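Just below is one structure, and these are the notes that go with it.
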Amino acid sequence: MLVPLLAAAAVLALSFSYSKLRYIRFRQYAHFPQLPNSLVLGHLKVFGEFIKRNKPNAHEDLAIVAMNRALGRPPLMLIDMRPISKPIVVVGDYEIADQLTKASKLFPTSPPKSASSVERLLHLNGPTSILFQHGEEWRRLRKKFNPGFAPQYLVTFVPDIVEKGMIFLERLDAFCKTGDAFPLMALTTRLTFDVIGKVVMETDLDGQYDDKTKKGEIVDLFETLLDAYNGDRGNLPWWLNIRNVKRRSALANRIASLLRTIVYRKHVELHEKGAATTTSNPRSVLSLGLRDIETLTPSVADEISDQLRTFLFAGHDTTSILLSWAFYELSRTPHALRTIRAELDDLLGRDASPAAVRARLLEQEDLVQRMPFVSAVIKETLRLHPPGGTAREIPAGSGFAVRTPDGEQRCLDGLLVYNCQSIIHRDPRVFGDTAEDFVPERWLDDDAKIPPGAWRPFERGPRNCIGLELANVEARVILALAVRRYDFVKVGLGEVVLGEDGRPSLDSAKAQYKVAEELYTTRQVTSKPVDGMMMKVRLAK
């Protein structure tokens, strides 16, 4: 009697499970546009197929873009990654993206960041990072550090940015002499670490060292930590990547220890007797964080060091990627290179030597605010090559919904929602036939009427990047120092095709030189050129 009952129970259980699985896969989110779904694997298989069609080690965003186009560019697209992660809704429309990141009664500081993203970036930013906070705790941290990133204060750091930029030029001069190829990303990364260290902590990180100078341990550790994320495909659970997670933890602990030492030292400078003689800049981010703290407890020191880790990571990453792509795009876009050089000639004088440019920038620091075409190059570079998007996790039962362009409401309860800048920034409905092309002039055309929400490399809403203006000031200074002095020549991927006369072949439709094979991005925490932007450089004639 028992055996038939157990058999019947098993059949019922299997039947229920099958019905439940069918509902989850085929009915629960059927109202979202999506590619054909598998009962067992959801979209894991089809996503894997799109990944395989990509170039070697290409960023997953390229597969997501291809999936979106295969569906006819819908503003929302579902990718069911269960059981690896929650279902993901990819946002490809700027108006919906704005709805996701703006403040609302339900989410006063916008919906929370996804738990998987927080977990993945924990070692880079620290557990109390402003990136991971919400509500009043986030407001407290933002209010404390906002003044240090105000434009009027950042301009006072132009001399420091110039001095770090001069070391960058020395490194480029050395490659001019040897003619060797080198990864430009390696140079821009160390440059931007040095800048952010000076601006945020008033500390020389010595990232741009050579054999004759001392090594910068914090920068070395950060680079090793970032390298520990290479090959980490997708947001896999930690238990599928235990070895690398342990390595990241050890490196992160050492970085945190060094930063705490800096925090304690700066606190002593600011508050001990005789602090009036200190050379500390009261506007630096670290000084602001310590300004009203009389007794520095271990927990407060940990919190401040976590913010420093966050600013070091985010502050170097976006700008190093931006500079590498900007030099590349200018190298293959002759009219843009001529225009930016002409603007700098008019602004800084025709003497493009490092000493002359340095003197002019130091003499009149507000010049960095008067570079319209340089700024357009920066905006266009970030449009085509954004470092990363934002993923938000909508709590189940919240009732949070967005309105699509056709007026329909879509509830996002229980879903991961990803603002995919690789789709939004190249939307032909906004950017027209040149959506895929490097056209800086579009940002100077008042008639173009580009909606603000269609450009979001620093994201938008109350949680936009606190370092947006620093990245802009830094990029303007470095471009002003380097863009007239050097000709950059891409080697390998993205290399320009030469005609029979030995000159670059111009694609007249795009107003750019033709390339043998398009350069693409890979995922190294954020989106970076797959080959590190291999370049040769020579002095401009």
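The values are calculated or read from the model by the stated rules, or taken from the named source; none is laboratory data. Remember, it's a predicted structure, so these values are computed and weren't measured experimentally. A quick note on method: Cβ atoms are made from the backbone with ideal geometry, for glycine too, and the neighbour counts reach across all protein chains shown.
Criterion applied to Leu479, Leu470, Leu493, Leu519 was being of a type in the set (A, V, I, L, M, F, W, C), assigned by TED's automatic domain parsing to the domain that holds Gln307, out of contact with any His (no Cβ under 9 Å at 6 or more places or on another chain) and farther than 29 Å from Pro354 by Cβ, and the one residue passing it is Leu493. In the set Phe488, Phe431, Phe458, only one residue is assigned to a helix (DSSP H, G or I) and among the aromatic types (Phe, Trp, Tyr); that residue is Phe431. Does Lys528 count as more than 16 Å from Lys55 (Cβ to Cβ) and touching an Asp or Glu at 6+ places or on another chain (Cβ under 9 Å)? No: the conditions fail for Lys528. In the stretch 314-339, the residue that is farthest from Phe222 (Cα to Cα) out of those that are of a type in the set (D, E, K, R) and touching a Lys or Arg at 6+ places or on another chain (Cβ under 9 Å) is Arg332.
Does Arg538 fit the bill of being assigned to a strand (DSSP E or B) and under 21 Å from the mean Cα position of the chain (by Cα)? For Arg538, the condition - assigned to a strand (DSSP E or B) and under 21 Å from the mean Cα position of the chain (by Cα) - is not met. Which condition breaks for Phe431 when tested against (1) in contact (Cβ under 8 Å) with a residue 60 or more places away in the chain; (2) surrounded by 15 or more Cβ atoms within 10 Å (Cβ to Cβ)? Here Phe431 meets the rest and fails (1).
Yes/no matrix, rows are residues, columns are (1) surrounded by fewer than 21 Cβ atoms within 10 Å (Cβ to Cβ); (2) in a loop (DSSP other than H, G, I, E, B); (3) not assigned by TED's automatic domain parsing to the domain that holds Phe26:
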position	(1), (2), (3)
Arg69	yes, no, yes
Met81	yes, yes, yes
Ser85	yes, yes, yes
Ala97	no, no, yes
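Can you find even one residue in the stretch 501-511 that is assigned to a strand (DSSP E or B) and among the polar types (S, T, N, Q)? No, the stretch 501-511 contains no residue that is assigned to a strand (DSSP E or B) and among the polar types (S, T, N, Q). When Arg25 is tested against the conditions (1) under 17 Å from Glu393 (Cβ atoms); (2) at pLDDT below 95; (3) crowded, with 19+ Cβ neighbours inside 10 Å, the lone failure is (1).
Kindly evaluate Ile64 against the criterion of being at pLDDT below 95 and either assigned by TED's automatic domain parsing to the domain that holds Asp531 or out of contact with any Asp or Glu (no Cβ under 7 Å at 6 or more places or on another chain) (or both). For Ile64, the condition - at pLDDT below 95 and either assigned by TED's automatic domain parsing to the domain that holds Asp531 or out of contact with any Asp or Glu (no Cβ under 7 Å at 6 or more places or on another chain) (or both) - is not met.
The condition of being within 21 Å of Thr522 (Cα to Cα), without any contact (Cβ under 8 Å) to a residue 12 or more places away in the chain and surrounded by fewer than 19 Cβ atoms within 10 Å (Cβ to Cβ) does not hold for Lys105. The number of residues in the stretch 418-449 being among the β-branched types (Val, Ile, Thr) and closer than 18 Å to Val91 by Cβ comes to 3. Name the single residue that is surrounded by the most Cβ atoms within 10 Å (Cβ to Cβ) among those in the stretch 315-341 being among the polar types (S, T, N, Q) and under 24 Å from the mean Cα position of the chain (by Cα). It comes out as Ser320. State whether the residues of the stretch 233-252 include one that is modelled with pLDDT under 95, small (Gly, Ala, Ser) and in contact with a Leu (Cβ under 6 Å, 6 or more places away or on another chain). For the stretch 233-252, residues modelled with pLDDT under 95, small (Gly, Ala, Ser) and in contact with a Leu (Cβ under 6 Å, 6 or more places away or on another chain): absent. When you look at Glu495, is it surrounded by 14 or more Cβ atoms within 10 Å (Cβ to Cβ) and within 30 Å of Pro111 (Cβ to Cβ), yes or no? Taking the combined requirement at face value, the residue does not satisfy it. Specify the residue that is nearest to the chain's Cα centre (by Cα); the eligible residues are those in the stretch 108-118 that are surrounded by 16 or more Cβ atoms within 10 Å (Cβ to Cβ) and part of a loop (DSSP other than H, G, I, E, B). Going through the qualifying residues, I end up with Ser114. May I ask you to verify whether Asp437 is more than 30 Å from Gly165 (Cβ to Cβ), of a type in the set (D, E, K, R) and either assigned to a helix (DSSP H, G or I) or modelled with pLDDT of 95 or more (or both)? It is false that Asp437 is more than 30 Å from Gly165 (Cβ to Cβ), of a type in the set (D, E, K, R) and either assigned to a helix (DSSP H, G or I) or modelled with pLDDT of 95 or more (or both). The stretch 356-420 holds strands (runs of 3 or more DSSP E) entirely within its bounds, and those carrying 2 or more residues that are at pLDDT below 95 and surrounded by 21 or more Cβ atoms within 10 Å (Cβ to Cβ) map to 390-393. Filtered by the rule that a residue be modelled with pLDDT of 90 or more, of a type in the set (D, E, K, R) and under 21 Å from Phe193 (Cβ atoms), the stretch 278-336 gives Asp306, Arg309, Asp317. One residue stands out in the stretch 25-63 among those that are assigned to a helix (DSSP H, G or I), free of Cβ contacts under 8 Å to residues at least 60 places away in the same chain and touching a strand residue (DSSP E or B) at 6+ places or on another chain (Cβ under 9 Å): the one that is nearest to Arg523 (Cα to Cα), namely Phe47. Within the stretch 180-202, none of the residues are touching a strand residue (DSSP E or B) at 6+ places or on another chain (Cβ under 9 Å), surrounded by fewer than 22 Cβ atoms within 10 Å (Cβ to Cβ) and free of Cβ contacts under 8 Å to residues at least 60 places away in the same chain. Answer yes or no: is there a residue in the stretch 40-48 that is within 24 Å of the chain's Cα centre (by Cα) and surrounded by 11 or more Cβ atoms within 10 Å (Cβ to Cβ). Yes, there is a match, as at least one residue in the stretch 40-48 is within 24 Å of the chain's Cα centre (by Cα) and surrounded by 11 or more Cβ atoms within 10 Å (Cβ to Cβ).
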